[in-house]
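Report on the following structure.
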Amino acid sequence: MTIYKNSGVNTELADEFIKDLNVEGFGAVIELPTNKIVLSTDGVGTKILVAEAQNKFDTIGIDLVAMCTNDLLCQGAKPHSFLDYYATGKLNLKKSKEIMKGILKGCDMAGCKLVGGETAELPGMYENDKFDLAGFALGVIRKDFSKNIIKGGEYLIGIPSSGPHSNGFSLLRKLLPIDKIPLTPTKIYTKEIIDNIYNIKACAHITGGGIHGNITRILQGYQYTLDLPKKDDWWSMLFSLCKIDEYQFENIFNCGWGMICIADNELPINNSKIIGTVL
């Protein structure tokens, strides 16, 4: 007799995995205080391969939440709800629970709630218990940054990153031994942005495209100057390994600045710094 489990899909294990998540039904019903919402989706790229190589899975879920909710903040929205998609060739319960622990922690850090998701066991698409992740976030507008008018003379204010976050890992895997690549989770900026939202004109989440590629998305056609502080030892080491000029390097990595805001004055955010000016 052929049973589903023989095809490589273990529904009993899947039931055990989700039983503690308190997610029921076939969708999430959400009450919103406004009809103006923002939606975002993202993943964590090949940072997953580094997590696999280091056998460390408790922070990759934080990265997933951060990549989605930080984008919401750039629209002036406070994170409200989160959905995850977890696809794997074979469900590994220990690994899966570690990943989910990170997602739940990330949601707590971002100030949102995990309201549902999908766990897909896909034998033949992924080898053994290899996996991929995607996240989907909903936020409620607190201040619509898209209505702000940028002006010359305003400041670019950098808020520090916690490391390379979740971008540039395909290059990092070519430059560094995989066990030396940091898995420090992506910083979540909910408190920094929401607490200062009425003093901020615009925000850029520094992800793929680095500093320059993301700043230009919010400048409404203005040019800018950039005066980054001296790189710390880790970023200096990485720059020397890349053998490219500084502009190219800044177009790949966040270089220590995970979020850049435009404002009239300095912001009361720990370790933030004016790093440029709108021309």
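What the table below lists for this structure:
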| read-out | value |
| --- | --- |
| Complete set of residues in segment 82-96 that are surrounded by fewer than 17 Cβ atoms within 10 Å (Cβ to Cβ) and in contact with a helix residue (DSSP H, G or I) (Cβ under 7 Å, 6 or more places away or on another chain) | LEU93 |
| Residues of segment 168-189 classified as outside any loop (DSSP other than H, G, I, E, B), exposed (fewer than 14 other Cβ atoms within 10 Å of the Cβ) and of a type outside the set (Asp, Glu), total | 4 |
| Residue in segment 88-107 that is over 30 Å from TYR222 (Cβ atoms), of a type outside the set (D, E, K, R) and touching a Ser or Thr at 6+ places or on another chain (Cβ under 6 Å) present | yes |
| Scope segment 156-215; condition aliphatic (A, V, I, L, M) and touching a Phe, Trp or Tyr at 6+ places or on another chain (Cβ under 8 Å); matching residues | LEU156, ILE159, ILE181, ILE200, ALA202, ILE206, ILE211, ILE215 |
| Failed item, numbered, when THR225 is tested on (1) over 16 Å from the mean Cα position of the chain (by Cα); (2) assigned to a loop (DSSP other than H, G, I, E, B); (3) modelled with pLDDT of 95 or more | (2) |
| Hey, THR46 surrounded by fewer than 20 Cβ atoms within 10 Å (Cβ to Cβ) and touching a Phe, Trp or Tyr at 6+ places or on another chain (Cβ under 9 Å) or not | yes |
| Among residues of segment 100-152, those that are without any contact (Cβ under 8 Å) to a residue 60 or more places away in the chain and assigned to a strand (DSSP E or B), counted | 4 |
| Residue count, segment 144-166 (criterion: buried (at least 18 other Cβ atoms within 10 Å of the Cβ) and at pLDDT below 95) | 1 |
| Residues of segment 56-92 that turn out to be assigned to a strand (DSSP E or B) and closer than 30 Å to ILE200 by Cβ, as a count | 8 |
| Qualifying residue in segment 125-138 (condition: more than 17 Å from GLU52 (Cα to Cα) and in contact with a His (Cβ under 9 Å, 6 or more places away or on another chain)) | yes |
| Checking GLU118 against (1) in contact with a strand residue (DSSP E or B) (Cβ under 6 Å, 6 or more places away or on another chain); (2) modelled with pLDDT of 95 or more; (3) surrounded by fewer than 19 Cβ atoms within 10 Å (Cβ to Cβ), the condition it does not meet | (2) |
| Matching option when the condition is on the phi > 0 side of the Ramachandran plot and buried (at least 20 other Cβ atoms within 10 Å of the Cβ), among GLY76, GLY106 | GLY76 |
| Test: residue in segment 190-202 that is among the small types (Gly, Ala, Ser), surrounded by fewer than 19 Cβ atoms within 10 Å (Cβ to Cβ) and either outside any strand (DSSP E or B) or out of contact with any His (no Cβ under 9 Å at 6 or more places or on another chain) (or both) | no |
| Qualifying residue in segment 198-216 (condition: charged (D, E, K, R), out of contact with any Asp or Glu (no Cβ under 7 Å at 6 or more places or on another chain) and not assigned by TED's automatic domain parsing to the domain that holds LEU64) | no |
| Residue check for GLY111: over 23 Å from LEU171 (Cβ atoms), in contact with a helix residue (DSSP H, G or I) (Cβ under 9 Å, 6 or more places away or on another chain) and surrounded by fewer than 21 Cβ atoms within 10 Å (Cβ to Cβ) | yes |
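Yes or no, residue by residue, for (1) among the hydroxyl-bearing types (Ser, Thr, Tyr); (2) at pLDDT 95 or above; (3) surrounded by fewer than 12 Cβ atoms within 10 Å (Cβ to Cβ); (4) at negative phi:
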{"position": "HIS205", "(1), (2), (3), (4)": "no, yes, no, yes"}
{"position": "ILE211", "(1), (2), (3), (4)": "no, yes, no, yes"}
{"position": "THR216", "(1), (2), (3), (4)": "yes, no, no, yes"}
{"position": "PRO229", "(1), (2), (3), (4)": "no, no, yes, yes"}
{"position": "GLY256", "(1), (2), (3), (4)": "no, yes, no, no"}
{"position": "CYS261", "(1), (2), (3), (4)": "no, yes, no, yes"}
{"position": "ILE274", "(1), (2), (3), (4)": "no, yes, no, yes"}
{"position": "LEU279", "(1), (2), (3), (4)": "no, yes, yes, yes"}
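The values are calculated or read from the model by the stated rules, or taken from the named source; none is laboratory data. Bear in mind the structure is a predicted one, so any value in this text is a computation, not a measurement. Positions of Cβ are backbone-derived with ideal geometry, glycine not excepted, and every protein chain shown enters the neighbour counts.
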